[in-house]
1. Working only within the range 68-91, note down all residues that are over 30 Å from Met354 (Cα atoms) and either in contact with a Cys (Cβ under 7 Å, 6 or more places away or on another chain) or open to solvent by less than 50 Å² (accessible area, probe 1.4 Å) (or both).
2. Which members of the range 467-493 meet the condition of being open to solvent by less than 30 Å² (accessible area, probe 1.4 Å), at pLDDT 85 or above and in contact with a helix residue (DSSP H, G or I) (Cβ under 7 Å, 6 or more places away or on another chain)?
3. Considering (1) closer than 22 Å to Pro70 by Cα; (2) in contact (Cβ under 8 Å) with a residue 12 or more places away in the chain, say which one Asp423 fails and leave the rest.
4. Where residues in the range 503-519 are out of contact with any strand residue (DSSP E or B) (no Cβ under 9 Å at 6 or more places or on another chain) and at pLDDT below 85, which of them is nearest to Leu418 (Cα to Cα)?
5. Take the range 388-423 and flag every residue that is open to solvent by 20 Å² or more (accessible area, probe 1.4 Å) and in a loop (DSSP other than H, G, I, E, B).
6. Given the structure, is Ser4 under 30 Å from the mean Cα position of the chain (by Cα) and over 25 Å from Tyr117 (Cα atoms)?
7. I need every pair where a residue in the range 183-200 that is free of Cβ contacts under 8 Å to residues at least 60 places away in the same chain and within 15 Å of Asn334 (Cβ to Cβ) has its Cβ under 7 Å from the Cβ of a residue that is of a type in the set (Lys, Arg) and not in a helix (DSSP H, G or I), sequence separation at least 6 or different chains.
8. Kindly indicate the residue of the range 195-222 that is among the hydroxyl-bearing types (Ser, Thr, Tyr) and part of a helix (DSSP H, G or I) and also least open to solvent (accessible area, probe 1.4 Å) among those meeting that condition.
Amino acid sequence: MQTSSQQLSQWLSEPEGVRLEFKEANQRFDFDKLVNYCVAVANEGGGKIILGVTDQRPRRIVGTKAFEEPGRTEAGLHNRLSHRIPIEELRLPEGRVLIVHVPGRLPGTAWQYQGRYLKRAGDDVAPLGDAELRAMFEETGPDFSAQMCPGAGIADLSPQAIKVFRDRWAQKRRDSRIAAWGDAETLANAELIGEGRVTYAALILLGSHTALGRHLAQAELVFEYRSSEASGPAADREEFREGFMLWQDTLWAKINLRNDRQSYQDDFFRMDLPTFDEVPVREAVLNAVAHRDYRLGGSIFVRQYTKKLEVVSPGGLPAGITPQNILEQQNPRNRRLAEALAKCGLIERSGQGMNLMVESAIRQGKPLPDFAGTDAHQVHLTLEGGVRNPAFVRFMERLGPEVQASLSTADYLALERLQHEQDLPAPLRERLPRLATMGAVEVLGRGKSARYILSEALYAALGSRGTHTRKKGLDHETNKALLLRHLSKQGVRGAALGELRQVLPMLPESTVQTLLGELRSEGRVILEGQRRWARWRVTPTGHA
């Protein structure tokens, strides 16, 4: 993402509309106001919010001091809205300009902030009307799970399944009155029936074996256990064709029968980790049941191997969702079904299931959930059970349960990327100062030039204290060597401090001065002259 001066000039000449918003913001701009504008622009299909530019044409650049750390603002927007909204900073001769690149909402969805669905209204924002919201939600076609199933009635639902659903709902709401409802009242309040007819969501959650075979045979999950990936019949196979509330616990018990524990020794402390953790396994199955395409005839398949679990469901990912943005975007395919599952506490409508899978994998030193094999016709999710990094597991244990409970998915992903020495995007970089206060990472340098590495405690857990010392100390000596090499090339002319700062542009002036002071103490450089005429020169014994 890089906006050219020509592109910016073109935007400045265009009329302000639902896709372009210009604000002078000379000194500051309210963050909550920016959040509201992002919501409104996204609901209009996406666009640009440009700060540091006059509002009326002919527009001119006046510069802005708002949001001096765009990366921090970008992370803040992500925290408020759960969407990635890139912010671009342009430093032009006329002044500093910020461009907020707001993506458009996905089909069938609408952005909201604090329960308010907003749209553009002149220079301001306004709530979306009920009719406008309804039209947005119906863009991807009618919700299949909310449709009435012809010929099906309450008698096709399992009383046992309805009781399980009602008890879980009462427990989630902490409301004993819900537990006293009758079956028909429970179903009506959950919007699973209407005028004596039942929705497909009711059949999927609560239907009897006979009813599903008659009305929705594809609402089935097939479990297979395979000791290897060789073709041929599975060692164990079972078909679950009845309401989800009736078999969810049975399926987990079946997987847990062959759930080997992996043991690791840490001094006198022994760790036992399950190959398949219950939380991510249940979330993977829930996602498949809630978001598969029930208009297709295939079944959900859960295949268990000794060290991995595959969940394959018919229909590709919902419109606008990709493996790359699945943590940030939500677009439920079966809205009524998802709402019912949320009522009884089984899923969060905000899409937290995938987050829980990712956090569990990182916390247990396992590979991240993998969507390889996903295409337009199926979602193929693989959960690897093998512990890849026992030392990282020990490190997480040493952080303690309170710290772990306070970590967000972004915190976990930042630690994962640091562990593998990968670049961090802005929303993850903004998590690092907080992780440093927790003792999970260490900071090298100050201000904008600060760098982060995993803490010494992690390298101690890895048995690699020397690696930590090298990572922390190598840059220091390397920077001194770069300064010395530059001065050697300049010879008797020497170099001013400003020129030497260009050699290490990421370091603040005080750090460069400290490095030069160390070189002078070592007798390798000298400082001649004062103030603007001061020059650093290499000594005869200091040539690099």
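1. From the range 68-91, those over 30 Å from Met354 (Cα atoms) are 68, 89-91; that's our starting set.
Leu90, the sole residue that qualifies.
2. Lys480, Leu483, Leu484
3. Exception for Asp423: condition (2).
4. Among those that are out of contact with any strand residue (DSSP E or B) (no Cβ under 9 Å at 6 or more places or on another chain) and at pLDDT below 85, it is Leu507.
5. Within the range 388-423, the first condition is being open to solvent by 20 Å² or more (accessible area, probe 1.4 Å), and the residues that meet it are 388-390, 394, 397-399, 401-406, 408, 410, 413, 417-423.
Correct list: Arg388, Asn389, Ser408, His420, Glu421, Gln422, Asp423.
6. Working: under 30 Å from the mean Cα position of the chain (by Cα): yes; over 25 Å from Tyr117 (Cα atoms): yes.
It is true that Ser4 is under 30 Å from the mean Cα position of the chain (by Cα) and over 25 Å from Tyr117 (Cα atoms).
7. That search, which allows pairs on different chains as well, returns nothing.
8. Ranking the candidates gives Tyr200 first.
The values are calculated or read from the model by the stated rules, or taken from the named source; none is laboratory data. Please read all numbers here as calculations on a predicted model, not as lab measurements. No Cβ is skipped: glycine too gets one built from the backbone with ideal geometry, and neighbour counts run over all protein chains shown. What goes into the accessible areas is simple: the full protein's heavy atoms, side chains included, and nothing from ligands, DNA or RNA. Shrake-Rupley method; radii C 1.70, N 1.55, O 1.52, S 1.80 Å.
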